[in-house]
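All remarks here apply to the structure that follows.
The values are calculated or read from the model by the stated rules, or taken from the named source; none is laboratory data. The shown structure was predicted, so the numbers you read here are calculated from the model rather than taken from an experiment. Virtual Cβ from ideal backbone geometry, glycine too; neighbours counted across all protein chains shown.
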Amino acid sequence: MKYKLGVIGNPIEHSLSPKIHNIFSKQTNINIDYQAYHVLENSLDNFLKNFFSNGGDGLNITLPHKINCLPFANTKSSLVNLIGAANTLRSDSSGRIFAESTDGIGLVKDLKNKCSISSANILILGAGGSALSIIPSLDACKPRNIVLDNRSKNNLERLIKRFSDSNEIHSRILNLDNFNEDIDLVINATSIGFSGSFNWHRELKINNETVLYDLSYSKDHNQTPFLKWSSQRSEKYFDGFGMLINQAAASFALWTGVEPETNITKLDLIND
Ligand code: NDP
């Protein structure tokens, strides 16, 4: 059997997902045909219908389709229901489509190799789609507090309210304005990415033991602007490459039932 898989997005050309899944395929001896598909917003519906009615087994969903793919799913995980977005679709043998979000699982799996999450004061910079998708998985690790800060106060308050009103989130979700303790872990969930240097609009209570983690990642050994900023403040800083590998592994396991090894390096992708 060969699984028909892929990733859709706009843009999609720079996606590392085909390489990552092909490494998983070799490692597990599971045959896959995994392609990157450039899908525009107005052709999403047609693409999904055609892909799954022509034997598609599963898809990764990236920007800008993480929300708009949901009407196509017959069932959704409780996490997808909570955050209203998915990054993985899976077709079962009767053609029913299941939607899942593996970003938060991927982040937590990677972070667990780098620091302790339980009892930590976690600060998330940013209040967009990725901040929304990682909060439930961080909450499940029982941190001391989850604190948020964001450039735009409206988006920040909207996100805090969304989780404060939810029975499914047990941690305190706080605005940094109301928080004075030291921070153990800072997660950069802004889309500043590679545009210029990183600066935050206020001083953060961090020290050289604070773990600094960037959801953005470089494909090589160049540092992201957030990591350059981090390297002047702490000894412990990481980019989101490990999250990328681990969210992909969780999708692969959902499609095939087999969990691949996640010890892939950037060099493995360059050499593949
Ligand atoms: P969104 O567009 O949904 O949110 C962007 C956030 O960044 C907002 O909070 C926005 O603030 C903030 N922001 C943008 N520009 C600036 C700036 N110049 N200064 C301060 N804040 C800024 O993006 P996503 O949440 O979807 O993505 C964020 C990052 O996470 C991306 O770089 C993406 O590549 C990465 N990511 C990595 C993954 C991985 O596997 N490693 C998985 C998923 C995402 P405001 O509200 O004020 O506009």
From (1) surrounded by fewer than 21 Cβ atoms within 10 Å (Cβ to Cβ); (2) near the ligand (Cβ under 9 Å from one of its atoms), pick out the condition that doesn't hold for residue 228.
-> (2)
Criterion: away from the ligand (no atom under 16 Å from the Cβ), out of contact with any Cys (no Cβ under 9 Å at 6 or more places or on another chain) and within 23 Å of residue 132 (Cβ to Cβ) - qualifying residue of 78, 91 = 78
Can you give me the number of residues within the range 231-272 that are in contact (Cβ under 8 Å) with a residue 60 or more places away in the chain, more than 13 Å from the ligand (Cβ to nearest atom) and outside any loop (DSSP other than H, G, I, E, B)?
-> 7
Would it be correct to say that residue 40 is outside the structural domain of residue 176 (by TED's automatic domain parsing), touching a Lys or Arg at 6+ places or on another chain (Cβ under 8 Å) and free of Cβ contacts under 8 Å to residues at least 60 places away in the same chain?
-> no
Hey, can you tell me all the residues within the range 137-166 that are among the charged types (D, E, K, R), outside any helix (DSSP H, G or I), more than 20 Å from the chain's Cα centre (by Cα) and within 14 Å of the ligand (Cβ to nearest atom)?
-> 151
Considering only helices (runs of 4 or more DSSP H) wholly within the range 9-111, the ones with at least 2 residues that are within 21 Å of residue 262 (Cβ to Cβ) are 17-28
Is it fair to say residue 97 is more than 15 Å from the chain's Cα centre (by Cα) and surrounded by 19 or more Cβ atoms within 10 Å (Cβ to Cβ)?
-> yes
Got a sec? Which of 254, 267 is outside the structural domain of residue 120 (by TED's automatic domain parsing) and at pLDDT below 95?
-> 267
Does residue 131 satisfy the criteria of being within 16 Å of the ligand (Cβ to nearest atom), under 13 Å from the mean Cα position of the chain (by Cα), assigned to a loop (DSSP other than H, G, I, E, B) and under 25 Å from residue 12 (Cα atoms)?
-> no
Answer yes if at least one residue in the range 110-129 is at positive phi and not acidic (Asp, Glu), and no otherwise.
-> yes
Could you check, for the range 79-89, whether at least one of its residues is in contact (Cβ under 8 Å) with a residue 60 or more places away in the chain and not β-branched (Val, Ile, Thr)?
-> yes
Scan the range 167-209 for residues that are within 16 Å of the ligand (Cβ to nearest atom), surrounded by fewer than 16 Cβ atoms within 10 Å (Cβ to Cβ) and not in a loop (DSSP other than H, G, I, E, B) and report the count.
-> 2
May I ask you to list pairs of residues, at least six apart or on different chains, whose Cβ atoms are under 6 Å apart, with the first in the range 209-221 being touching a residue at least 60 places away in the same chain (Cβ under 8 Å) and the second being within 10 Å of the ligand (Cβ to nearest atom)?
-> 213/187; 215/130; 215/189; 215/240
Could you grab me the full set of residues in the range 112-128 that are within 16 Å of the ligand (Cβ to nearest atom) and in a loop (DSSP other than H, G, I, E, B)?
-> 113, 114, 126, 127, 128
